[in-house]
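Report on the following structure.
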Amino acid sequence: MYTTFCVSRETADRFIKLFVNRRAYGMQAAHPLPNGSVPYYLARNWQTKKPKPLDADVVRMHLNGDITINLYAINPETQRSKWVAIDADFDGAVEALFQLQWELKQDGVEAALEQSRRGGHLWIFADAPLLASECRIYIYNLALRLGVPVKGGGLKDGIEVFPRQDQIEDGEYGNAIRAPLGVHRKTNQRYWFYEAALTPEAQLDYLDSLKKLTEAELRTFIQGMTLPEAYRPVVAPPYIPPSASTLCTEFRILDYVRATRKDSRNWWAQCPSCAQAGHDRTGDNLAIQIRNPRLYKCWAGCTKEEIRAALGQPIRRKVAV
């Protein structure tokens, strides 16, 4: 069982100064779903459906252990991030993160290693928000030079770098990472940074003491570099609608549900099967791929058969002859 705290507003403000670059945030579910996952949901106003702003009161609840939040790296107004987080959860993950931490130290970059459920997170903090694209160039080239595996580019396992995108469009969020110093709801444990005592105040003292990366330093490190080819964003082919002869027979999920938001890959909507069972009150369990809207998935575990049945459009099975 985790320890609860009662942190001050000053402590919450210190956390915000370090970690919060965008006021939108997600909240982790309080209990696991039937499939064992404990997902995050975008925090929104129930009446307006607009994202709730992340403020000191929310951060205090996170640090105290009442809720658990996640953080978005990129501010879409500037395409910059206050931090870089390297997530590793594969065999040998912690050793790889220590290797990266040591090599960063040779550049004069002080990185903090945080425990996690299956490995660790290595955090680099900026003196002022840095361009996400330049942060990614630095870390990807460093990892590949050291032989540290990077997920993607043909590899299933490896580190993941946050920010995950070079830039995001207005209204998009990109990928989020669990906010440090809170409680992971799947294990009901806190995962601390290694080099400090186990209280929010002591942890923040340690993080504040670290040297912060400047834009001038970063640009010196990446001079002449680009993001490795294998990890550049894939340009999605345009979706080609079906011909007139198939329009009457092809099922399109977006003809039946209303998207509530989108990110770089998906539209998000209320899952009809969840809604029929009285679930998905946030209205975003159903992911619909933007580049091919025929592909969709309920992250609460509903099958396509259940979704189609809830819409009154059951999947027709071919009859064997």
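The values are calculated or read from the model by the stated rules, or taken from the named source; none is laboratory data. These numbers were taken from a predicted model, which means no experiment stands behind them. So basically every Cβ, Gly included, is an ideal-geometry build from the backbone, and we count neighbours across all protein chains shown.
Which numbered condition trips up ILE69, out of (1) closer than 15 Å to GLY182 by Cβ; (2) of a type in the set (A, V, I, L, M, F, W, C); (3) free of Cβ contacts under 8 Å to residues at least 24 places away in the same chain?
(3)
Suppose we filter region 1-30 for residues that are of a type in the set (Lys, Arg), closer than 20 Å to ARG190 by Cα and not in a helix (DSSP H, G or I); how many remain?
Total satisfying the criteria: 0.
Show the residue pairs meeting these rules: Cβ distance below 7 Å; 6+ apart or different chains; first residue within region 193-214 and free of Cβ contacts under 8 Å to residues at least 12 places away in the same chain; second residue surrounded by 13 or more Cβ atoms within 10 Å (Cβ to Cβ) and polar (S, T, N, Q).
Cβ pairs passing all conditions: ALA196/GLN203.
Please pick out the residue among PHE162, PHE125 that is crowded, with 23+ Cβ neighbours inside 10 Å, hydrophobic (A, V, I, L, M, F, W, C) and either under 16 Å from PRO228 (Cα atoms) or in the same structural domain as LEU71 (by TED's automatic domain parsing) (or both). It would help to see each step written out before you state the result.
Details: PHE125 fails: crowded, with 23+ Cβ neighbours inside 10 Å.
Only one candidate qualifies: PHE162.
Among the candidates ASN21, ASN45, single out the residue that is modelled with pLDDT under 90 and either in contact with a strand residue (DSSP E or B) (Cβ under 7 Å, 6 or more places away or on another chain) or farther than 20 Å from LEU204 by Cβ (or both). Quick ask: steps written out before the conclusion?
On the way: ASN21 fails: modelled with pLDDT under 90.
Exactly one of ASN21, ASN45 is modelled with pLDDT under 90 and either in contact with a strand residue (DSSP E or B) (Cβ under 7 Å, 6 or more places away or on another chain) or farther than 20 Å from LEU204 by Cβ (or both), namely ASN45.
Kindly establish whether VAL84 is touching a residue at least 12 places away in the same chain (Cβ under 8 Å), touching a strand residue (DSSP E or B) at 6+ places or on another chain (Cβ under 6 Å) and farther than 22 Å from ASN21 by Cα. Before the answer, list the steps.
Numbers: touching a residue at least 12 places away in the same chain (Cβ under 8 Å): yes; touching a strand residue (DSSP E or B) at 6+ places or on another chain (Cβ under 6 Å): yes; farther than 22 Å from ASN21 by Cα: no.
No; evaluated as a whole, the condition is false for this residue.
Could you grab me the full set of residues in region 65-96 that are among the charged types (D, E, K, R) and either surrounded by fewer than 17 Cβ atoms within 10 Å (Cβ to Cβ) or under 22 Å from GLU172 (Cα atoms) (or both)?
Correct list: ASP66, GLU77, ARG80, LYS82, ASP87, ASP91, GLU95.
Restricting attention to region 98-128, which residues are part of a strand (DSSP E or B), out of contact with any Asp or Glu (no Cβ under 9 Å at 6 or more places or on another chain) and not polar (S, T, N, Q)? Before you say what the answer is, go through the steps one by one.
As a first pass, look at region 98-128 and keep what is part of a strand (DSSP E or B): 111-115, 120-128.
With out of contact with any Asp or Glu (no Cβ under 9 Å at 6 or more places or on another chain) added as a condition, the list becomes 111, 114-115.
Selection gives ALA111, GLU114.
Any residue in region 259-271 that's of a type in the set (Val, Ile, Thr): show its pairings with residues that are assigned to a loop (DSSP other than H, G, I, E, B) at Cβ separation under 6 Å, as long as the two are six or more apart or on different chains.
That search, which allows pairs on different chains as well, returns THR260/GLY283; THR260/ASP284.
Suppose we filter region 59-77 for residues that are touching a Pro at 6+ places or on another chain (Cβ under 6 Å) and over 30 Å from GLU134 (Cα atoms); how many remain?
So the first thing to find is which residues in region 59-77 are touching a Pro at 6+ places or on another chain (Cβ under 6 Å), and the list is 63, 73-74.
Restricting the remaining residues to those that are over 30 Å from GLU134 (Cα atoms) gives 63.
So the count comes out to 1.
Could you list all residues from region 44-64 that are assigned to a loop (DSSP other than H, G, I, E, B) and either surrounded by 19 or more Cβ atoms within 10 Å (Cβ to Cβ) or not assigned by TED's automatic domain parsing to the domain that holds TYR173 (or both)?
Here is the first cut: in region 44-64, the ones assigned to a loop (DSSP other than H, G, I, E, B) are 45-50, 52-55.
The answer is LEU54, and nothing else.
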